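The values are calculated or read from the model by the stated rules, or taken from the named source; none is laboratory data. As the structure is a computational prediction, the values presented were derived from the model and not from experiment. Neighbour counts are summed over all protein chains in view; Cβ atoms, including those assigned to glycine, are modelled from backbone coordinates with ideal geometry.
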Amino acid sequence: GTHQHVFCIVGPHFGFNYGDISIVLKQSIMYDPDFDMTPCAGTSFLSGNAGVFGGTPCHSWLSQGEFKGTRKSDQFHLAKLNAGVLGWRSVLAAAVATPVS
């Protein structure tokens, strides 16, 4: 699942559940082979909330293709993106902007 991972929010976040401390990293850190990102929080995959935003269904891709019928922890690992992979920006943008189904 999500054990032995360090979680952070890269980019704007207005939630209040995570405290008042912000750490700013160099953009080049994203290009480390061990840096992966997902379009939604890793913990939301395990709770079943990865396909919901503000009570509204979203991320319809979680129920299609390789994601369909897989365990929640496997969905998390399948959703990970790495900045070293060509086209990662387009994939992440498409995942975040997926229309509500």
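Worth pointing out:
- First in the range 55-71 and under 16 Å from Thr38 (Cβ atoms), second anywhere and polar (S, T, N, Q) and at pLDDT 75 or above, Cβ under 7 Å, 6 or more apart: Leu62/Gln75; Phe67/Gln75
- The condition (being surrounded by 14 or more Cβ atoms within 10 Å (Cβ to Cβ), among the aliphatic types (A, V, I, L, M) and modelled with pLDDT of 80 or more) is satisfied by just one residue among Leu81, Leu62, Leu86: Leu81.
- Enumeration of residues in the range 40-58 that are of a type outside the set (A, V, I, L, M, F, W, C) and modelled with pLDDT of 70 or more: Gly42, Thr43, Ser44, Ser47, Gly48, Asn49, Gly51
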